[in-house]
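As C-alpha cells, the structure follows; a few thoughts come after it.
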Amino acid sequence: MQVDLPAALNAVDDLGGYQGELLASLVSAPSVRGDSSDVHELCAGELERAGMQVDLITPRVGELERHPEWSPPDPSIDVAAPERLVSVLGSSGEGPGIFLFAHIDTESPDPRGDWETDPYRATEVGGRIYGVGTADDKAGVVSVLAAARALLPHLRGVRLVVGLVHGKLGGGLGTLPTMAGVGDVDAAVYCHPAETGKGMAHFKIATRGFFNFRIETEGRRPAPVEIRTPISEDPRQGANAFTRLRGVLEEVDRWADREGVLCSVNRVSAGTDPIVLPERAVAEGAVWFRNGTVAEVFGSLKAAALEAGAGSTRLFGTRSNPAEIPPGHPLVAATTTAIAAETGVTPHLYPAHVASDIRFPIRCLNAATVGFGALGGNFYGPNEWVDAEDMHRATRVLVRIVSARVEQAGRGTPWPPVGD
C-alpha cells in the first residue's frame with residue numbers, strides 16, 4: 001500500500017490548465033437542481049478517461065421514500081421522473097476504500113439581470129472565477145476529478161471511489177441512492193466549501209439534525225343568538241382553535257427545554273374573519289437537534305403536542321438526521337495537516353451546518369467523513385465565484401488526505417469506523 005505523494009502532487013500541478021478548462025465546461029453545462037441535465041455524461045467521460053469503472057445511478061423514489069435517511073425534495077420537483085437526475089460513481093483498485101464526492105447540481109441563476117457576467121460562462125476576474133455553481137459545488141467536482149486523475153497512476157493497494165451526485169434537494173435524489181454502490185470504505189471526503197465563506201479555514205466534521213413540523217388545533221363556533229348573524233355569537237359558548245394552539249405551543253416550548261433541542265415556531269394562522277371564532281389554527285416551525293433521529297425527535301414532539309390538545313401534527317419539507325465524527329479521529333488530523341500544509345493556516349472545525357451531505361457516508365456506511373472546499377462567495381445568488389488558486393490547493397489537499405489514509409493502512413493502523 002503506497003502513494004507516491006511527490007509524484008501525485010506534481011501531477012496535480014501539471015493539471016492546472018485542465019482544472020480551469022474542466023470548470024469552464026461544467027459551468028457551461030446547465031444543471032439546476034431538479035432540472036433535466038446531461039452534466040453526468042461529462043463527468044462519466046472524465047472518470048473513464050482517468051481509468052475508473054463507471055456506474056450511473058438513477059434514484060428509485062419508491063424505495064428511497066422508505067429509507068431512514070430520505071429527505072423529500074421541494075414539492076415543485078417531479079419525483080415521478082427521477083431519470084433526469086443521474087449521479088455518477090467511479091471506482092478503481094482493490095483493498096481498503098476511500099470515497100471522494102461532490103455535487104453536480106446548482107441553484108438557478110435567475111434573475112439573470114443581477115449577474116455582472118454570463119452565469120453559464122466561467123469568467124476569471126482578479127483571480128476569481130465567476131459563474132453559476134463555481135463555488136457550490138462545481139469547483140469541488142473539479143478537485144475530485146483532478147485528484148483522482150493525479151492519484152490513480154501513483155496509488156497502490158487502496159480502492160478509490162468517486163461520487164458526483166445531485167446533492168441539492170436534501171440529497172435524497174442523488175447522494176442517498178449513491179451510497180448503495182460505494183461499497184466498503186472507511187473514510188470519505190465531501191469536497192464542498194463551508195457555507196461560512198471562510199474556504200479551507202473551516203472544515204465540517206458534523207451536521208445538525210433538522211425538520212419542519214406543522215401543528216393544527218380545532219375549535220367550534222357557537223350558535224348565533226340571531227339567525228345568520230355572526231356578531232351575535234357568544235365566544236364563551238364555543239372553543240377557540242387559536243387559544244388551544246397557544247396552549248399547545250407553550251407545551252412545545254417546555255418540551256424543547258426538556259429535550260435540549262432548538263425549536264422555533266415561525267408561522268401561525270387562524271381564522272378568516274375578525275368577528276368569527278376560528279375553528280382551525282395552524283403553527284409551522286423548525287427543530288434543530290444533535291442527538292437521536294428525525295423519527296425519534298418528531299415522535300417525542302408529536303406526543304407532547306397531542307397530549308396538550310393538538311388535533312394533528314406532521315412533518316413536511318427538508319429533513320435530516322444528525323451526524324458527526326469525533327474530533328480526535330485520524331481523518332480529522334489528516335485533514336487538518338493537509339490543509340495547513342497547503343494554506344499555511346491551521347483550520348478550525350465547523351460543527352453548525354444543517355443537512356450536510358457528510359451525513360450519508362457517516363450514517364449509511366459508518367465511514368468517517370469530513371467536508372471542505374475552496375474559498376468562494378455569493379453562494380445561491382448572482383455573481384457566484386470561486387478562488388482559482390484555492391481550487392487548485394483543494395485538489396492538492398485531497399491528494400494529501402488520500403496519501404495519509406494509505407500510509408496509515410500500510411502501517412497496519414486502519415482508520416476506525418465512526419462507531420468505534
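The values are calculated or read from the model by the stated rules, or taken from the named source; none is laboratory data. Keep in mind that what you see is a predicted model, and the values were worked out from it rather than measured. Cβ: placed from backbone, ideal geometry, glycine included. Neighbour counts: every protein chain shown. Just the protein is used for accessible areas: all its heavy atoms, side chains included, with ligands, DNA and RNA removed. Shrake-Rupley method; radii C 1.70, N 1.55, O 1.52, S 1.80 Å.
Compared with the alpha-carbon gap, the fully stretched path from Arg280 to Ser76 is longer by 70.8 nm at 0.36 nm per residue. Over the chain, DSSP H runs of length four or greater, each weighted -39,500 (n - 2.57), average out per residue to a 222 nm ellipticity of -10000 deg cm²/dmol. The label point for Arg121 and the one for Ala239, both projected 7 Å from the Cα toward the Cβ, are 6.5 nm apart.
In summary, the lysines within cross-link reach of Lys204, defined as a Cα separation below 25 angstrom excluding same-chain residues under 8 places away, comprise Lys138, Lys168. Only beta bridges with both residues in the chain are counted; by DSSP, about 70 percent of them are antiparallel.
Heavy-atom surface analysis with a 1.4 Å probe gives segment 34-125 a carbon and sulfur content of 42 percent of its accessible area. Surface composition of segment 260-410: carbon and sulfur make up 51 percent of the accessible area, probe 1.4 Å.
In segment 97-179, the DSSP beta bridges split such that about 30 percent are antiparallel, to the nearest 5.
Rounded to the nearest 20 Debye, what is the dipole magnitude of segment 73-203 about its Cα centre when Lys and Arg each give +1 and Asp and Glu each give -1 at the C-beta? Please report the intermediate quantities before stating the final value.
Details: 10 positive and 16 negative charges, 103 e Å.
Charge dipole of segment 73-203: 500 debye, to the nearest 20.
In whole percent, what relative contact order does segment 17-101 give with Cα contacts below 8 Å and a gap of six or more residues? Don't skip to the end; give the middle numbers.
Numbers: 69 pairs, mean separation 28.6, N = 85.
Dividing the mean separation by the residue count of segment 17-101 yields 34 percent.
Rounded to the nearest 20 debye, the dipole magnitude of segment 66-126 is 220 debye, with +1 charges on Lys and Arg beta carbons, -1 on Asp and Glu beta carbons, and the Cα centre as origin. Taking mean projected area of the Cα convex hull in nm² as calculated from this structure, the corresponding entry among [x] 28.1; [y] 31.4; [z] 23.2 is [z].
For segment 167-232, GluC sites (Glu not before Pro) meeting the loop criterion (DSSP other than H, G, I, E, B) and having at most 13 other Cβ atoms within 10 Å: Glu226.
Couplings 3J(HN,Hα) for segment 325-334, derived from phi with the Karplus relation 6.51 cos²θ - 1.76 cosθ + 1.60 (θ = phi - 60°), are 10, x, x, x, 5, x, 5, 5, 5, 5 Hz, where x marks Gly and Pro. Among Gly328, Ala304, Val294, whose Cα projects farthest towards the positive end of the dipole of segment 238-337, with charges put on the beta-carbon of Lys, Arg (+1) and Asp, Glu (-1)? So the residue we want is Val294.
Using the beta-carbon distance between Ile227 and Ser312 and R0 = 35 Å, what value does 1/(1 + (r/R0)^6) give for FRET efficiency, to the nearest 0.05? Show your work: numbers first, answer last.
On the way: r = 33 Å, r/R0 = 0.94.
Computed FRET efficiency for Ile227 and Ser312: 0.60.
Computed over the chain, relative contact order equals 24 percent, with contacts defined as Cα pairs under 8 Å that lie 6+ residues apart. One chain, two ends: Asn366 and Thr272. Fully extended at 0.36 nm per residue, the span grows by 28.8 nm beyond their Cα-Cα distance. For the chain, the solvent-accessible area of protein heavy atoms averages 42 Å² per residue (probe radius 1.4 Å; ligands and nucleic acids excluded). Counting only Cβ charges, +1 for Lys and Arg and -1 for Asp and Glu, the dipole size of segment 6-163 around its Cα centre is about 520 debye.
Could you list the square roots of 5 times each eigenvalue of the Cα gyration tensor of segment 105-213, that is, the equivalent ellipsoid semi-axes, sorted largest first and rounded to whole Å? Numbers along the way, then the final one.
On the way: eigenvalues 147, 86, 40 Å².
With the √(5λ) rule applied to segment 105-213, the semi-axes are 27, 21, 14 Å.
In this structure, Arg254 and Gln53 have a Cβ-Cβ separation that, at R0 = 45 Å, corresponds to a calculated FRET efficiency of about 0.25.
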